[in-house]
Amino acid sequence: MAEKNYITPGGYKKLVEELTYLATVERPKVCREVSDAAAEGDRSENAAYIYGKKRLREIDRRLGFLSRRLKIIQVVTSTEQRKDRVFFGAFVDVEDEDTGESLTYQIVGVDEVNAGAGRISWQSPVGKALLGKKVDDSVKVKWHAGKRAFTIVDIRYEEKA
């Protein structure tokens, strides 16, 4: 059995929207394009037909992936969490102990990671280090360029897509 796929409500909504869009809009559109290209004659040299078939395979592969992921999904809402500690879905404000730089991370599922926006996986080194901690706790994290130490400044839970 596959490991549970934890996700925030906003992340779940995005995955379902992508699945719906691909199945109801994108795939039918590409099917029409392939059908039109096939009607033009010689398929072996028809770039529109060849590209369309390739695009259909990509769409079907993504639909299969999303369907499998959604079967093992467990949506975690912030109301299920204790507010005094860092748990899944938390927004965590930290301060780098060496540079004094302030950073904000949200602990999210692997399907909704966006490091540039501060959305980090609960399975990442930083995510693992922060889980279970409370305000004023200090954590040391092994980083790509060495080790960094953070102090937790604030923990909050928001329903945010």
Would you confirm whether any residue within the stretch 106-124 is assigned by TED's automatic domain parsing to the domain that holds Thr151, over 15 Å from the mean Cα position of the chain (by Cα), over 15 Å from Val75 (Cα atoms) and without any contact (Cβ under 8 Å) to a residue 24 or more places away in the chain?
no
With acidic (Asp, Glu), more than 14 Å from the chain's Cα centre (by Cα) and not assigned by TED's automatic domain parsing to the domain that holds Ser138 as the only criterion, which of Asp42, Asp96 stands out?
Asp42
Residue check: is Ala115 small (Gly, Ala, Ser), modelled with pLDDT under 90 and farther than 25 Å from Asn5 by Cβ?
no
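Filter the stretch 139-161 down to residues that are more than 16 Å from Ser78 (Cα to Cα), surrounded by 12 or more Cβ atoms within 10 Å (Cβ to Cβ) and not hydrophobic (A, V, I, L, M, F, W, C) and give me whichever is modelled with the lowest pLDDT. Write out each step before concluding.
We begin by selecting, within the stretch 139-161, every residue more than 16 Å from Ser78 (Cα to Cα); these are 139-153.
Narrowing the set further to residues that are surrounded by 12 or more Cβ atoms within 10 Å (Cβ to Cβ) leaves 139, 141, 148-153.
Among the residues that remain, those that are also not hydrophobic (A, V, I, L, M, F, W, C) are: 148, 151.
Working: Arg148: 87, Thr151: 91.
Here the answer is Arg148.
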Pull out all pairs, ordered by first then second residue, where Cβ-Cβ is under 7 Å, the residues are six or more apart or on different chains, the first lies in the stretch 133-144 and is assigned to a strand (DSSP E or B), and the second is among the hydroxyl-bearing types (Ser, Thr, Tyr).
Ser138/Thr151
Just checking, does the stretch 70-77 include any residue being under 23 Å from Ile120 (Cα atoms), part of a loop (DSSP other than H, G, I, E, B) and either touching a Lys or Arg at 6+ places or on another chain (Cβ under 8 Å) or at pLDDT 90 or above (or both)?
yes
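Look through the stretch 78-115, keep the residues that are in a helix (DSSP H, G or I) and among the aliphatic types (A, V, I, L, M), and return whichever of them is nearest to Ile152 (Cα to Cα).
Ala115
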Only one of Arg69, Arg62, Arg85 is among the charged types (D, E, K, R) and either free of Cβ contacts under 8 Å to residues at least 40 places away in the same chain or outside the structural domain of Glu17 (by TED's automatic domain parsing) (or both), namely Arg85
May I ask you to list pairs of residues, at least six apart or on different chains, whose Cβ atoms are under 9 Å apart, with the first in the stretch 33-44 being closer than 16 Å to Arg57 by Cβ and the second being in a loop (DSSP other than H, G, I, E, B) and basic (Lys, Arg)?
Ala37/Arg43
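Okay, residues lined up against (1) assigned by TED's automatic domain parsing to the domain that holds Lys71; (2) within 21 Å of Gly89 (Cα to Cα); (3) basic (Lys, Arg):
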position	(1), (2), (3)
Gly10	yes, yes, no
Lys13	yes, yes, yes
Val25	yes, no, no
Pro28	yes, no, no
Val34	yes, no, no
Tyr49	yes, no, no
Lys53	yes, no, yes
Arg57	yes, no, yes
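The values are calculated or read from the model by the stated rules, or taken from the named source; none is laboratory data. Here the structure is a predicted model, which is why all the values come from computation and not from measurement. Cβ coordinates were reconstructed from backbone atoms using ideal geometry, including for glycine residues, and neighbour counts include every protein chain displayed.
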